[in-house]
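The values are calculated or read from the model by the stated rules, or taken from the named source; none is laboratory data. Note that the structure is predicted; figures quoted are calculated from it, not measured. Cβ coordinates were reconstructed from backbone atoms using ideal geometry, including for glycine residues, and neighbour counts include every protein chain displayed. Calculation scope for accessible area: heavy atoms of the full protein, side chains included, ligands and nucleic acids excluded. Shrake-Rupley method; radii C 1.70, N 1.55, O 1.52, S 1.80 Å.
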Amino acid sequence: TKELGNGYHEGSKASLLFARKSKSKENVERSSSHDDEEYLDWIWENERFERKITIIRMVFLLCGFLAIISSILFLTRGIGQVVSSLNGVQLSLERTGSMATPAIFKAGDYIETQPDTLEAAKSIGTWNSSQWCTPIDPQSPISDFAVSVNNSTYTIGTTLRDVAIRAELEMEDIKHGFEQLGDFVRNADATLEDIKTYIAVAKVLVIFIDILVIALMIQCILAWMGEHHFIPKRVRKTVIIPIFVALVIIFWIFSTLILSGAMVGSDFCSTPDESVISLITGFQGQLSPSVSMLMMYYVTGCLPERQPLQLTTLSSAVSSLGGVLHSQLLTVDHFTQNAGLAEQCGGEAGPSKLVALLDLTDMAIHGMYDTLFGLRDILQCKNFNPIYTTLVYDAMCSNAVTGFSWMFFTSFFVATLSLSMCTLRAAIHQY
């Protein structure tokens with residue numbers, strides 16, 4: 001019995017020890033199983049994070065690549081077209097100035113010779129027969145001729161005076177108007193140079209943005225490869241990214257200004273002739289009447305009903321006056337040779353004075369005619385209408401509008417893609 005009791009007691013101890021070992025093993029298995037689930041969760045989260053970072057880096061690099069492509073198009077197609085437009089406008093303005101200068105000189109020459117013309121008109125208009133032939137017998141054959149000479153010289157003098165005064169007013173108006181045009185050309189050229197300066201600043205801004213984009217792309221690639229960054233982390237956070245954001249914001253503002261310019265240009269070029277006519281009408285109070293009418297004439301394609309008639313009328317009047325004077329000279333020459341004018345007037349001195357005065361008046365009329373005719377040649381449609389067509393249709397409404405459109409869209413993409421890179425800047429960090 002004692003031995004049986006001892007055996008039972010030892011069996012109970014073994015059973016208890018086995019039970020304890022089994023329970024401990026079960027707890028270990030449960031603990032191990034619990035740790036595996038957390039580990040798997042961690043592995044899954046880590047892989048998910050890596051996939052997200054990979055996608056972010058791919059999008060980051062794609063944004064950088066597209067931003068560089070957009071900036072290249074901005075420089076070549078946008079700024080290139082606008083600079084070409086500005087050069088075309090400056091060339092047209094230079095041609096306008098080169099045409100305005102001789103017109104100013106012609107008008108100035110006429111104004112300077114105006115006192116001599118008026119003096120000639122006064123001399124011929126107040127001339128009478130007693131000054132070139134005294135006395136004249138009423139029964140003489142030259143009596144009727146003397147009356148005819150007096151009437152002709154008076155008509156020539158008064159007509160010459162009236163035409164000279166009208167021409168002087170027109171010349172002063174044209175001279176003043178083309179001087180204003182010259183001032184406008186110089187101011188416009190200075191403004192275009194300022195615009196070129198702003199465009200140069202925009203080019204530098206885009207180049208800086210490209211440099212920063214390339215630097216950030218290199219950092220992203222190095223982080224993806226697990227390599228060390230060539231720029232310290234503190235510099236990236238405190239210098240590179242803030243400068244990049246500031247440049248992008250400035251570029252956004254610049255893009256907005258370009259959009260405004262593109263919209264104005266598109267509205268202007270929808271009907272360019274009407275737009276220019278509206279501008280001329282708006283500034284009509286600041287332009288001389290002659291220049292205003294000439295500009296309307298050139299803008300509308302040199303329509304006959306818009307042609308200013310002043311110069312044509314004055315040239316015709318001077319030409320008619322010259323014809324009358326030449327006829328009178330021929331008549332005097334005829335009477336001198338056939339009617340014995342010198343014998344009946346007491347010698348050659350009298351008729352010679354008349355001929356000399358008529359020749360002097362003829363020179364004055366020729367001078368007027370040459371000036372008016374030369375000015376009319378300068379102001380012909382073929383000289384100014386091609387300048388207008390090149391300026392408005394080619395330079396402004398073709399190159400400029402196209403260039404501004406390219407500048408806006410490419411600058412919009414550069415700014416948007418750059419801001420996207422700023423948003424996805426987690427791509428440049430190592431994890």
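Just the number, please: carbon plus sulfur as a percent of the accessible area of segment 363-431, 1.4 Å probe, no ligands or DNA/RNA counted.
With neighbouring chains kept in place, the figure for segment 363-431 is 65 percent.
Rounded to the nearest whole Å², what accessible area per residue is found for segment 353-422 with the 1.4 Å probe? Show your work: numbers first, answer last.
Working: 2900 Å² over 70 residues.
Per residue, segment 353-422 has 41 Å² of solvent-accessible surface.
Starting from the 7 Å offset along Cα-to-Cβ, what nm value, one decimal, do you get for the label separation of S316 and V245?
Those two pseudo-labels are separated by 7.6 nm.
Need the full-extension length gain, L118 to A356, defined as separation in residues times 0.36 nm minus the C-alpha distance. One decimal, nm. List each step's numbers first, then the result.
Working: separation 238, 0.36 × 238 = 85.68 nm, distance 1.68 nm.
Computed gain between L118 and A356 is 84.0 nm.
Give the peptides 45-56, 419-430, 241-252 in descending order of average Cβ contacts within 10 Å, highest first.
Descending mean neighbour count gives 419-430, 241-252, 45-56.
Between A426 and R166, what is the spin-label point distance in nm, taking each point 7 Å from the Cα along the Cα→C-beta axis?
8.7
Solvent-accessible area of W406, probe 1.4 Å, all protein chains present, reported in Å² to the nearest ten, please.
Answer for W406: close to 80 Å² accessible.
In nm, give the distance between the simple-model label positions of H176 and T390, each being 7 Å from the Cα along the Cα-to-Cβ direction.
Between H176 and T390, the label points sit 3.1 nm apart.
Given a 1.4 angstrom probe, what's the average accessible area per residue across segment 158-233, in square angstrom?
Heavy-atom accessible area per residue stands at 56 Å².
Efficiency by 1/(1 + (r/R0)^6): what FRET value for T281 and N187, r their Cβ-Cβ distance, R0 = 30 Å, to the nearest 0.05?
Plugging the Cβ-Cβ distance into 1/(1 + (r/R0)^6) gives 0.90.
Over segment 146-262, consider all pairs of different Cα atoms and compute the Kirkwood hydrodynamic radius from their mean reciprocal separation; express it in Å, one decimal.
Evaluated over segment 146-262, this radius sits at 21.0 Å.
Express in nm, to one decimal, how much length is gained between I218 and L330 on full extension, taking 0.36 nm for each residue of separation and deducting their alpha carbon distance.
On the way: separation 112, 0.36 × 112 = 40.32 nm, distance 9.59 nm.
That pair, I218 and L330, stretches by 30.7 nm at full extension.
How much of the accessible area of segment 163-209, in percent, comes from carbon and sulfur atoms when a 1.4 Å probe is used? Present the calculation step by step, with values, prior to reporting the outcome.
Numbers: 1650 of 2600 Å².
Here it works out to 63 percent.
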